[in-house]
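The values are calculated or read from the model by the stated rules, or taken from the named source; none is laboratory data. All of these numbers come straight from a predicted model, not from anything done at the bench. Ideal geometry is used to build each Cβ from the backbone, glycine not excepted, and the neighbour counts take in all protein chains shown. Note: accessible area is taken over every heavy atom of the protein model, side chains too, but ligands, DNA and RNA are not part of it. Shrake-Rupley method; radii C 1.70, N 1.55, O 1.52, S 1.80 Å.
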Amino acid sequence: MDKTAKLSYNGKEYELPLIVGTENEVGIDVRDLRAKTGAITYDEGYANTGSCQSSITYIDGEKGILRHRGYAIEELADKCSFLAVAHLIVHGKLPTQQELDAFRFDVHKNCTLHTGMHRHYEVFPADAHPMAILSSLLNALGCYYPQMTSNNHKRDLEHYEEAATLLISKVRLLAAMTYRAKMGMPFAYPKRSLPYTANFLHMMFTEHYEDYLPTPEVAHALDLFFLLHADHEQNCSTSTVRMVASGGANLFASISAGVSALWGPSHGGANMAVIEMLESIEKDGDDGTRFIEAAKSGTARLMGFGHRVYKNYDPRAKILGLAAENVLSQMGKRDKKLDIARKLEELALTDPYFIERKLYPNVDFYSGIILSAIGIPTNMFTVMFAIGRMPGWIAHWKEVASNPKTKIYRPRQVYNGEVLRKYACDYTSSLLRVNR
């Protein structure tokens, strides 16, 4: 392979160096392009732009491959818990049993909240969205840990492991407390005997008269959901975390910004749209057949299909599809929405219209069915996503903060507004004269 790419511009030829990743991904290095040519690249949405080099996650969208630190997502989902994968992403290696036990212990001991934080819940309006609350409280949480939020990367990195464990632990507590505050229920704290995800469900659904203890199957399904969302390369929210971090911001502030980015319906809210679609199809008495035809004609939109990166079957969707079947079977439920989803998948995967457009189910297609079956309200779906994505955000912040060559992210633009105009506004001029 050549070591450079050639660009011919304005009568001159320029050589641009190539960057080759460990999976033979090729990037054309344009960092000096403007200095050499006076021109910039234009790539709306950054679909063809590499903003960084990262060792956390590898995706091959054409082949449907997803790996964390070199491990295939299928193997991790089959053999690991969410906390084991969180350790892998945050610390760069799969833990030994002893390391995992220590990590679990540290996560558990951090699952308390300063009582000063409780008062925050009292000031939000009753109809405040849980994501607005979560983003606000994660930023406020940093105020109680000034040693971790100096906005000096060198100092903040000295507390990285402690901060990472704290955030992975407390994000589920903040989420559970948000749900309970909106439901008018007293806060419930964790049990030492319960693992990470089962403890979260206990904190969500425990009643004053009876502890909620999820079945192993229900806890495993949600743990799998968290695991499959732990990181996904340079998506909207992760890129936001990295951009905020590039300005020198601390981990808590950067992650709070990531939560706000995730809130958008085109990002974290997609599985809510899937549930709404399935409920609408069910209400119409359709098994999905009529809806598929409507989607092909452009009169309906098939949610949960297609992905910005994947041009093949999202590997996470296959895993969650089976998990949805298993958890509903264990709970003794037969959810009509799952039947409709399976029918839509069957029809779309054999229809030339969808095959030619490379529209395959993505992770959102089945995740909402699992959350709904467990009892998670739809306005909390994106909060569940944020809990799962926490390890990835943390690890990406570290990559930015620990890189001495990090520059503040500052994209260029192509200006298409008015050219230089002569100022002529008598009213403003006279107003200025009066004020003088």
Restricting attention to the range 192-206, which residues are in contact (Cβ under 8 Å) with a residue 12 or more places away in the chain, in a loop (DSSP other than H, G, I, E, B) and either open to solvent by less than 70 Å² (accessible area, probe 1.4 Å) or of a type in the set (S, T, N, Q) (or both)? Leu194, Thr206
If I filter the range 326-338 for residues that are under 30 Å from Ala181 (Cα atoms) and in contact with a Lys or Arg (Cβ under 9 Å, 6 or more places away or on another chain), do I get at least one hit? yes
The range 338-365 - residue that is at pLDDT 90 or above and among the hydroxyl-bearing types (Ser, Thr, Tyr) and, of those, farthest from Gly288 (Cα to Cα): Tyr353
Give the residues of the range 232-248 that are open to solvent by less than 30 Å² (accessible area, probe 1.4 Å) and either assigned to a helix (DSSP H, G or I) or of a type in the set (Ser, Thr, Tyr) (or both), sorted by residue number. Ser237, Thr238, Val241, Arg242, Ala245, Ser246
Inter-residue pairs, beta-carbon under 7 Å, first closer than 18 Å to Ile387 by Cα and in the range 137-162, second modelled with pLDDT of 95 or more and not in a helix (DSSP H, G or I), 6+ apart: Gly142/Thr149; Gly142/Asn250
Could you pull out every one of the helices (runs of 4 or more DSSP H) wholly within the range 250-357 that has 2 or more residues that are among the β-branched types (Val, Ile, Thr)? 251-262, 270-283, 289-297, 315-330
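Let's see how each residue does on (1) farther than 25 Å from Ile73 by Cα; (2) out of contact with any Pro (no Cβ under 7 Å at 6 or more places or on another chain); (3) of a type in the set (A, V, I, L, M):
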residue	(1), (2), (3)
Leu173	yes, yes, yes
His229	no, yes, no
Asn235	no, yes, no
Ser254	yes, yes, no
Gly258	no, yes, no
Here is a check on your reading of the model: is Leu251 modelled with pLDDT of 95 or more, open to solvent by less than 30 Å² (accessible area, probe 1.4 Å), closer than 19 Å to Thr378 by Cα and not charged (D, E, K, R)? no
Would you mind stating whether Arg421 is open to solvent by 60 Å² or more (accessible area, probe 1.4 Å), farther than 25 Å from Glu161 by Cβ, more than 24 Å from the chain's Cα centre (by Cα) and at pLDDT 90 or above? no
For the structure I just gave you, tell me whether Glu325 is farther than 24 Å from Arg301 by Cβ and either surrounded by 14 or more Cβ atoms within 10 Å (Cβ to Cβ) or touching a Leu at 6+ places or on another chain (Cβ under 6 Å) (or both). yes
Scanning the range 207-231 for residues that are at pLDDT 95 or above and not in a helix (DSSP H, G or I), the one nearest to Gly375 (Cα to Cα) turns out to be His229
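Listed here are the residues, each with its yes/no results for (1) touching a strand residue (DSSP E or B) at 6+ places or on another chain (Cβ under 8 Å); (2) under 13 Å from Ser237 (Cβ atoms); (3) assigned to a helix (DSSP H, G or I).
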| site | (1), (2), (3) |
| --- | --- |
| Tyr366 | no, no, yes |
| Ala373 | no, no, yes |
| Thr382 | no, yes, yes |
| Trp397 | no, yes, yes |
| Pro404 | no, no, no |
| Lys407 | no, no, no |
Check off (1) within 25 Å of Tyr212 (Cβ to Cβ); (2) open to solvent by 10 Å² or more (accessible area, probe 1.4 Å); (3) among the aliphatic types (A, V, I, L, M) for Ile376 and give me the number that stays unchecked. (2)
Residues of the range 113-143 being open to solvent by 80 Å² or more (accessible area, probe 1.4 Å) and touching a helix residue (DSSP H, G or I) at 6+ places or on another chain (Cβ under 9 Å), in sequence order, are His114, Glu122, Ala126, Asp127, Cys143
Enumeration of residues in the range 35-91 that are open to solvent by less than 60 Å² (accessible area, probe 1.4 Å), among the charged types (D, E, K, R) and either part of a loop (DSSP other than H, G, I, E, B) or over 21 Å from Glu399 (Cβ atoms) (or both): Asp43
What's the total number of residues in the range 293-320 that are surrounded by 20 or more Cβ atoms within 10 Å (Cβ to Cβ) and touching a Lys or Arg at 6+ places or on another chain (Cβ under 8 Å)? 1
